[in-house]
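Note sheet for the following structure.
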Amino acid sequence: MAIPMIHHPGYTIELPERHPFPMRKFRVLREQLATPAIDRVADWMQPEPAERAMLARAHKPEYIDAFLTGRTDPTAQRRTGFRWSEDLVERVRLETAGTVLAVEAALAQRLELNTAGGTHHAHADAGSGYCLINDIAVAARHALACGWAKRILVVDLDVHQGDGTAGLFEDEPAVFTFSMHAGTNFPARKRQGDLDIALDKGVSDAEYLRILENTLPRLLSEFNPDLVIYDAGVDVHTLDRMGHLDLSDEGITRRDTYVLQTCREGSIPVAGVIGGGYDRDIGALAQRHSRLFTAAATL
């Protein structure tokens with residue numbers, strides 16, 4: 001069966017030279033995924049930009065309006081890491097819609113992957129840490145509002161805690177937020193989710209996978225979700241400049257394969273987003289992100 005995979009050229013926009021966010025990785029990832037192995041299974045889809053009403057599923061109206069119209073103040077822009085532009089707004093709307101489309105497709109076909117997404121630091125009324133709109137929260141709220149799902153588990157394995165997602169769902173029993181992250185890393189002030197596992201600095205493949213394998217099956221059994229949204233950040237890699245953990249390439253492959261396979265064995269649909277990754281070697285970084293797609297293709 002074909003696997004829906006979502007990409008849009010608008011995921012990549014121009015940023016100032018030496019900007020710390022690796023914006024080109026989205027384009028390079030799509031180029032790297034143009035292989036016979038992926039082409040055999042991929043059903044490529046393009047999102048349309050998310051409408052204001054969709055963004056309002058998770059964010060306060062005044063924040064959305066300021067972001068869409070360029071009225072976000074300079075201090076708030078510095079907190080996000082991006083200077084406002086119309087291209088940035090369009091990119092964020094596309095990325096968010098891509099994750100919503102991923103959720104819809106996953107519920108129909110069991111598995112779907114977005115070549116962007118995972119903006120888990122965005123809060124209801126503010127952006128933070130390269131995250132402007134919380135695509136995970138928007139997609140989960142949209143799925144609940146449309147009746148597509150009743151119980152959603154967010155599995156956030158980005159190296160940074162998903163503080164925005166945790167805060168947005170702290171009073172929502174239909175969404176369970178699980179974040180396994182480096183305890184010493186950004187954000188300095190963590191937001192309590194439903195389950196947070198703070199890892200020691202330098203944790204590598206064996207210990208990381210042991211903890212994950214002791215946690216995920218229990219969550220699936222106890223919470224019994226009818227959808228998993230998986231943030232597969234690769235900033236857990238030993239060479240990532242914003243990491244603190246020591247996973248290898250093979251460790252990332254084993255992690256992604258384990259999450260997808262475990263959900264598949266439980267007949268639980270998975271919508272995957274790529275999350276963080278900050279190596280300045282864009283080719284190597286995109287290759288790490290591609291492991292999620294390769295894992296899906298080999299299930």
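Quick note: the coordinates plus some simple rules give every number you see, no bench work behind them. Just so you know, these numbers come straight off a predicted model, no measurement behind them. Virtual Cβ from ideal backbone geometry, glycine too; neighbours counted across all protein chains shown.
Some observations on this one:
- Label point at Arg151 placed 7 Å out along Cα→Cβ; residues across the range 197-239 whose backbone nitrogen lies under 11 Å: 219-227
- Per residue of the chain, the DSSP helices (runs of n ≥ 4 H) give a summed -39500 (n - 2.57) that works out to -13000 deg cm²/dmol at 222 nm.
- Expected-Rg normalisation [2.2 N^0.38 Å, Cα atoms] applied to the range 243-299: 1.18
- Tensor-based shape of the range 43-119 (alpha-carbon gyration tensor, a/c under 1.5 rounded, otherwise prolate or oblate): prolate
- If the segment from Met45 to Asp249 were pulled out straight at 0.36 nm per residue, it would be longer than the present Cα-Cα gap by 70.7 nm.
- Of all DSSP bridge pairs formed entirely within the chain, close to 5 percent run antiparallel.
- Only Cα pairs under 8 Å and 6+ residues apart enter the sum, and on that basis the relative contact order of the range 171-299 stands at 24 percent.
- Given charges at beta-carbon only (K, R positive; D, E negative), |dipole| of the range 180-254 in Debye: 320
- Dipole of the chain, positive direction: furthest Cα of Pro20, Ala295, Gly276, with charges on the beta-carbon: Pro20
- Placing +1 on the Cβ of every Lys and Arg and -1 on the Cβ of every Asp and Glu, with no other charges, gives the range 55-139 a dipole of roughly 180 debye about its Cα centre.
- Förster radius 30 Å - calculated FRET efficiency between Leu299 and Ser221, Cβ distance, rounded to 0.05: 0.90
- Ranking Thr215, Val138, Ala149 by how far each Cα lies toward the positive end of the dipole of the chain (charges on Cβ) leaves Val138 at the top.
- Mean Cα-pair separation over length for the chain, i.e. relative contact order, pairs under 8 Å, 6 or more apart, %: 21
- Charged-residue dipole, Cβ positions (Lys, Arg, Asp, Glu), the chain about Cα centre, Debye nearest 20: 200
- Among Ile3, Val203, Leu107 the positive-end extreme of the charge dipole of the chain (Cβ point charges): Val203
- Ratio Rg/Rh, restricted to the chain and using Cα atoms, in which Rh is the Kirkwood radius: 0.92
- Using 0.36 nm per residue and subtracting the Cα-Cα separation, the extra length available between Leu239 and Arg24 on full extension is 75.6 nm.
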